[in-house]
Structure formats: C-alpha cells, structure tokens
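Right, one structure below, let's go through it.
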Amino acid sequence: VARMKAMPTDDDAFGPGLIRQDGRKIHPAYLFEVKKPEESRGAFDYYKLLGTTSAEDAFRPLSEGGCPLIRS
C-alpha cells in the first residue's frame, strides 16, 4: 500500500493524479462544454475545455478529512 501511494497515477478517465495518505485519489477536475454541431471538426470532437481546477483545490484538504489513520 505504501508503494501504491508513493507512485503517481494516470488513467484514461481522470488523468494524472496521486493517492494520498488517507487513501483518496486526487486528480485535476475539468469543466467541459458540449460543442455545437458547427463547432465540431470531426469524429469524437464533442467537448470544449473551459477550465481546470488543480487536484489540491478540487478535493478537501487532508487536514480537514478526519481520517483516524492520519496523525497530525
């Protein structure tokens, strides 16, 4: 488990991230807008990225989680 938490993650659904001490997987959060048909340039071109929130800002801070396994 320690090795898993030390390694960065990268998956197709959520992208790059990591597993914190409390076991929560954190990753950037993305805001997309569905494109209008005339904006699409080809197959699978359906979304426009409007914004990205960093992993640290997208999830509750470790200090506020209340996990009993985490010592301050």
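The values are calculated or read from the model by the stated rules, or taken from the named source; none is laboratory data. What you are looking at is a predicted structure, and each value in this text was computed from that prediction instead of being measured. With ideal geometry, Cβ positions are generated from the backbone for all residues, glycine too; neighbour counts draw on all protein chains shown. Remember, those area values only see protein heavy atoms, side chains included, never the ligands or the DNA or RNA. Shrake-Rupley method; radii C 1.70, N 1.55, O 1.52, S 1.80 Å.
A Cα-only calculation for the chain places Rg and Dmax at 16.6, 54 Å.
Solvent exposure of the range 13-72, expressed per residue, is 80 Å² of accessible area, with all protein chains present and a 1.4 angstrom probe.
Suppose R0 equals 25 Å. What FRET efficiency, 1/(1 + (r/R0)^6) with r the Cβ-Cβ distance, do SER54 and LYS5 give to the nearest 0.05?
Result of the calculation: an efficiency of 0.85.
If you wrap the tightest convex hull around every Cα atom of the range 31-70 and split its volume per residue, you get 93 Å³. Among the GluC sites (Glu not before Pro) in the range 1-56, which ones are in a DSSP loop with at most 13 other Cβ atoms within 10 Å of the Cβ? Mind listing them? Loop-located and lightly packed - GLU38, GLU39.
For LYS48, a cut-off of 21 angstrom between C-alpha atoms picks up these lysines, skipping any fewer than 8 places away in its own chain: LYS35, LYS36.
Take every Cα pair under 8 Å whose residues are at least 6 apart in sequence, average their separation, divide by the length of the chain, and the relative contact order is 25 percent. With contributions of -39500 (n - 2.57) from each DSSP H run of at least four residues, the per-residue ellipticity at 222 nm computed over the chain stands at -2000 deg cm²/dmol.
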